[in-house]
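Here the structure is laid out as structure tokens; the discussion comes afterwards.
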Amino acid sequence: MTRDKLESYRDIQNEIAELRYRIVHLGEDGSLIGNDVIMDYRSGYPIPQSVVGYDFAKENHLKTKYAEQIESLREKEREIEEYVENIPDSLTRRIFRMYFLDGMPQSKIAKRVQASQATVSNKISGFFKVAHN
């Protein structure tokens, strides 16, 4: 697990929230209203007629697409959470949880764990140096 992947956790959560919003408000902006041309044969010969309507097929397609994206992002989210929860050292695990999962600044984490900000920063960077080797 890389630092970039851990730092993407908050972005993943934001993207999931955005996709949920899109599903709930799908079509409210009129984007699913479309028009098409059909041929009217009632008079015996074809006359083009414009029809306007709501595109239910497109709505279903978009809902399915967004749901699949959410599930894919949730899998990444679970992977990151599981990685953090499996860190053996309690202090490092707590620091990682607060920093990467909760998005807390290092200064606030330092107060919570009763350490200096330098200690928090060193724990994070030291973990990645050891993990990289």
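Read-outs throughout are calculated quantities, based only on the coordinates presented, and are distinct from any laboratory measurement. The shown structure was predicted, so the numbers you read here are calculated from the model rather than taken from an experiment. Don't worry about glycine lacking a Cβ; one is built from the backbone with ideal geometry, like all the others, and counts go over all protein chains shown.
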Row for the stretch 89-133, column shape: gyration tensor on C-alpha, a ≥ b ≥ c, rounded if a/c < 1.5 i.e. under 1.5, prolate if a/b over b/c, else oblate; value prolate
Computed for the stretch 1-69: size of charge dipole around the Cα centre, +1 on C-beta of each Lys and Arg, -1 on C-beta of each Asp and Glu, debye to nearest 20, value 160 debye
Neighbours of ASP102 by Cβ distance under 12 Å: Lys/Arg at +1, Asp/Glu at -1, summed charge +4
In the chain, taking the dipole from +1 charges on Lys and Arg beta carbons and -1 charges on Asp and Glu beta carbons about the Cα centre, the listed residue (VAL52, TYR41, LEU101) farthest towards the positive end is LEU101
Expected unfolding gain across LYS76-SER116 under the 0.36 nm per residue rule, minus the alpha-carbon gap, is 11.3 nm
Only helices counted: for the chain, with every DSSP H run of 4 or more residues adding -39500 (n - 2.57) and the sum spread over all residues, [θ] at 222 nm is -19500 deg cm²/dmol
Note, PHE128: beta-carbon cut-off 15 Å, +1 each Lys/Arg, -1 each Asp/Glu, net +2
